[in-house]
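Structure first, then comments.
Just so it is clear, none of the values below were taken in a lab; they were calculated from the coordinates. On a predicted model such as this, the values are computed, not experimentally measured, just so you know. Cβ sites come from the backbone with ideal geometry, for glycine too, and all protein chains shown count toward neighbours.
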Amino acid sequence: MGSEALATEIPKGIGKLAFVLQEDIDMTPGFTSPPDPRAFQLQVWELVRRIPPGKVATYGQIAALVPTPPGLSAKDYRAFGPRWVGGAMAACPTGVPWQRVINAQGKISLRRGSGESEQRALLGAEGVIFDERQRVDLKRFGWEGPQT
């Protein structure tokens, strides 16, 4: 296939489709946003509101709790869902405890408009402790998900 242009029609409702060049021969699709970004954000924010003070969840954990959007394979969703959760958290309204969502390593991922120190202070005020490597012990402080 080489590096020639690849034309494709994006099916309605699939979301924005980007192409990532791999090894100058193969083109693989990558979704840059969920099919219905607003609906996805609302689901994420509702879940995050359920994380109790003193607990944290990871981007991937939140993504796994949101159903795979229509038109996506489970494999694609596993690959892109955590990034989409990050995007939802960057855009969250007041009242969503954004500080309680961290990365899979137990570390803070920087948020636009505020720094690591604010998130760390908010979590510290809730009793969350960081170790010498600036990580949260997910076994101790990890949220087990919504109680159904």
Within region 116-148, residues being over 24 Å from Glu46 (Cβ atoms) and among the hydroxyl-bearing types (Ser, Thr, Tyr) number 1
Within region 33-52, residues touching a helix residue (DSSP H, G or I) at 6+ places or on another chain (Cβ under 8 Å) and part of a loop (DSSP other than H, G, I, E, B) come out as Ser33, Pro34, Ile51
Gly71 being more than 16 Å from the chain's Cα centre (by Cα) and either surrounded by 14 or more Cβ atoms within 10 Å (Cβ to Cβ) or β-branched (Val, Ile, Thr) (or both):
yes
If we ask which residues in region 100-148 are under 14 Å from the mean Cα position of the chain (by Cα) and under 10 Å from Lys55 (Cα atoms), their number turns out to be 2
Looking across region 58-78 at residues that are in contact (Cβ under 8 Å) with a residue 12 or more places away in the chain and small (Gly, Ala, Ser), the single one that is farthest from Leu123 (Cα to Cα) is Gly71
